[in-house]
Amino acid sequence: MSSVIQFEIRGMTCASCVARVERALSKRAGVKEVSVNLATEKARIVYDEDEVRVVELIDAVSDAGYEPVRNTTDLRIKGMTCASCVARVERAIAKLPGVLAASVNLATEKATIEYLPGAVSQTEIATAIEGVGYRVEDLEAPRESEDDELSRLRRDLSFGVILTLPLLVIVMAPMLIPALSQKMHVLLAPPAWKWIELFLASPVLFVAGRRFYSQGWSELRHLSPGMSTLVMLGASAAYLYSSLVLLAPGIFPAGTDHLYFEAAAVIVTLILMGKYLEAKAKGRTSAAIKKLMQLQAKTARVIRDGETLEVAIERVVPGDWVVIRPGERVPVDGVVVEGQSYVDESMISGEPVPVEKVPGTAVVGGTVNETGAFTFRAEHVGSDTVLAQIIRLVEEAQGTKPPIQDLADRIAGIFVPVVMALAVLTFSVWLVLGPPPALNYAFVAAVSVLLIACPCAMGLATPTAIMVGTGKGAEMGTLFRQGTALELLARVDTIVLDKTGTLTQGRPVLADVHAIGISENDLLALVAAVEDQSEHPIAAAIVADAKRRGLRWGRIQGFQAEPGFGLRAEVSGRLIQVGADRFMERLGVDLTPVRALCERWAAEAKTPVFAAIDNELAAVLGVSDPLKDGSAAAIRALRETGMEVAMLTGDNERTAKAVATEAGIERVLAEVLPDQKASEIKRLQGKGRKIAYVGDGINDAPALAQADVGVAIGTGTDIAIEAGDVVLMSGDLRAIVNAVALATKTLRTIRLNFVWAYGYNVALIPVAAGVLYPSFGVLLNPMLAAFAMSVSSLFVVTNSLRLRRFMAPMPAPESAAVKEPEPEHREKFPEASDKHAA
């Protein structure tokens, strides 16, 4: 079947570009006609949708070197009640030409859609969703509060309870107390009591339970039945059967003229109660987001024209000087310019120890000042603050679905129609084979099947656990960029660690200097002159030591840097070359005189840095980078869980092994250049390993992207949120142990939810259908079926809420204040020995 699609393409500049794109698209099997317009930057393609998918056309354009324009939008969808609703909405969106991907989350009521704006519009997407019976709201519009929804549920539930309780008394009391039956018959004739049952049940169904009818009819009208359909059919069947018995009893065989008004009313009331309790519990799953939002200050004191003014937080602009008093919350991100204090940054790092703030150090909006006072310069405000990014990141993670949910969604898509077919089959079998009164047995069994099989629990099994798990992670200072990362991190079996800045402190110090034919100070002055042009941590260590000695150096000429090897420049007419041993070997400098010394230093975890003057070896410098507190304990904890731990570094093998031995790591991949790290990760994956790579998050981006899970180390404000799937906002490596434990616990919770949701249906649908009746005389009452269905959903939500009580296996140390790295070095060059050349 031929289809036509149009989409925009960026990057075309001439007729050759047009021809290149057309050739790339025409080569795809199933493409019948291609027309690319340079002026409008659009491609029009006629293709056979049975042979080629739109995403393959997009890939063809990308492979040709051009950029297909694609957008991502989020929509709020109201009216979804179960996993079948989710599957229905996703199918409706996916059918639209130009939609590349769609993910719908039941717990957050949000759809995330990636689409080609030239092929489909947001209006068309919204129309498709509304076409299958749901309501679309703009995420920017004020959201109906959870309190409003709870109030409506509470009102409907209260109304249902008020009418259902007397109905139950009228029906059940005479069975339990025979004497009461006689008194009731004296008060009113038996037919009158039956009419009272009708009058009490009717408002319960059609007023308190109207939500099930409006949604159920919509689902049936669009031929896509869901939970509301099952509730509507089950309650209506009991109501209509009873009404016919009351109005035309003669049409029923003898012994089948029973009333089920109380069953219909109890069904609706019990399910309303389940929905109310579920909504209350679901409200607590988003507690982390609410707590984060409450951290945002409402006002700030800024200095303008020499006056201190209190202004709304929205009016703070970059460059403003903001005054912070003891006990106040920092309103936006910035850098301290005056004063000194300690700030509680536990909301971003998960570590309880206050961080010292002095001029030049960064502060983060939402953190709490302690006893001192200071003034800082605002740098990031509004949506650019760290707190705003955290909130956005957690919301996005809570809205995504991990791979484990895919199977549930596929099952949910066919589940309700199968249940309805089973109910019809159950009714037919009982009617033909059941004992007298067969009609009654058939009716009770069929209604019970309809009610007990509602797929609410299936739809809630994953998103509720993801919401609580990602929220708990944020409280601990661990940010999961997407729900997928939670599942993948729980499945890894190998942790590969970057060395500098991850295992070690990332702030090297110059420990030894061995000069050859020149004094130490003269040598250091020459080397520092060259290293002063580099922002690398090792360069900073050498320059800092030279400054400490009071050395001075002049200007240099002809500075050159060779990434991964070294630096060279002319200083006072002499060629100074500084770098790794591979740099010296490339230059032809003989390192034989210092080999033994370097081996001894390497065994002491000191990195040798070589210096040559005019191509002659002049010195070797020993730079050490101590392990971070807790690194060895973290490695030990990871290995105790059965993880294999490896270290990947560009440092020389002896130094790397010395650091690894101190940290407790047995597997070391040393002398790996920056551009080779991703290849090493890929090689390990080729052996069937599931890899989590833990690194700085900036220079390690290729390795982070290649790994199954990229874990970026952040430190306070130095957060590379876009670099990894998981961001550890504390620089303490023990955070990875806690992140893995939380991911494992979350995945275990999801699995338990699924076991319950599916096991419940597999076990109880046959019971509801009556398979136990021939042997044990057990036939499930529809009221009990409705109760069991509500309990199933409630179990899934409350089981997920248990994650809020998750205790980190490795709590943050409280013995010393957290020290921030020097930002000018940490941000750009986090990896000292891996990427350093001099």
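The values are calculated or read from the model by the stated rules, or taken from the named source; none is laboratory data. Predicted model only: the values in this text are computed from it and were never measured. All Cβ positions, even for glycine, are placed from backbone atoms using ideal geometry, and neighbour counts span all protein chains on display. The protein model used for the area step is the full one, side chains on, heavy atoms only, and it has no ligands, DNA or RNA in it. Shrake-Rupley method; radii C 1.70, N 1.55, O 1.52, S 1.80 Å.
Odds and ends about this structure:
- Out-of-range pairs (alpha-carbon distance over 29 Å; input K27/K95; K357/K499; K547/K606; K110/K682; K357/K628; K606/K677): K110/K682
- Estimated distance in nm for a label pair at L165 and A763, the labels positioned 7 Å out from Cα along Cα-to-Cβ: 3.2
- With respect to the chain, whose longest principal axis is taken over its alpha-carbon atoms, helix 734-769 is tilted by about 20°.
- Gain upon complete extension [K298, L244; 0.36 nm per residue less C-alpha separation]: 13.2 nm
- Percent RCO, i.e. relative contact order, over segment 532-662, from Cα pairs under 8 Å lying at least 6 residues apart: 18
- Close amide H pairs (under 5 Å, H built 1.01 Å from N) link V69 with E8, I9, R10, residues at least 5 positions away or on another chain.
- Placing R0 at 25 angstrom, the Cβ-Cβ distance between N521 and E604 gives a FRET efficiency of 0.60 after rounding to 0.05.
- When the P(r) of the chain is calculated, the portion above 34 Å amounts to 64% of the C-alpha pairs.
- Per residue accessible area of the chain, 1.4 Å probe, in Å²: 42
- Split the accessible area of the chain by element, probe 1.4 Å, and carbon with sulfur accounts for 55%.
- Euclidean distance of C-alpha centroids, segment 479-536 and segment 723-766, integer Å: 33
- Here segment 559-636 and segment 317-348 have alpha carbon centers that stand 40 Å from each other.
- Candidates per trypsin sites (Lys or Arg not before Pro) in segment 530-588, loop by DSSP, up to 10 other Cβ within 10 Å: R552, R555
- Solvent exposure of M232, expressed as accessible area, is near 10 Å², computed with a probe of 1.4 Å over the protein chains only.
- The length gained on full extension between V55 and E338, counted as 0.36 nm times the residue separation minus their Cα-Cα distance, comes to 96.4 nm.
- In sequence order, calculated HN-Hα J values of segment 795-802 (Karplus, 6.51, -1.76, 1.60; Hz; x Gly/Pro): 4, 4, 5, 5, 5, 5, 5, 4
- In the chain, the DSSP beta bridges split such that about 80 percent are antiparallel, to the nearest 5.
- Protein-only accessible surface at a 1.4 angstrom probe places the residues R802, R654 in the order R654, R802, largest first.
- Proximity of backbone amide H atoms, modeled 1.01 Å from N, is registered between D651 and E671, V672, D834 at under 5 Å, excluding neighbours fewer than 5 places apart on the same chain.
- Maximal additional length on extending the L597-I251 stretch stands at 114.0 nm, based on 0.36 nm per residue less the C-alpha distance.
- HN-Hα J in Hz across segment 101-111 - Karplus 6.51, -1.76, 1.60, θ = phi - 60°, x for Gly and Pro: 7, 9, 10, 10, 10, 5, 5, 9, 6, 10, 10
- Modelled FRET efficiency - R0 51 Å, S181 with V418, Cβ distances, 0.05 increments: 0.75
- Of the residues D305, D333, D148, the one with the largest accessible area comes first in the ranking D305, D148, D333, computed with a 1.4 Å probe on protein heavy atoms.
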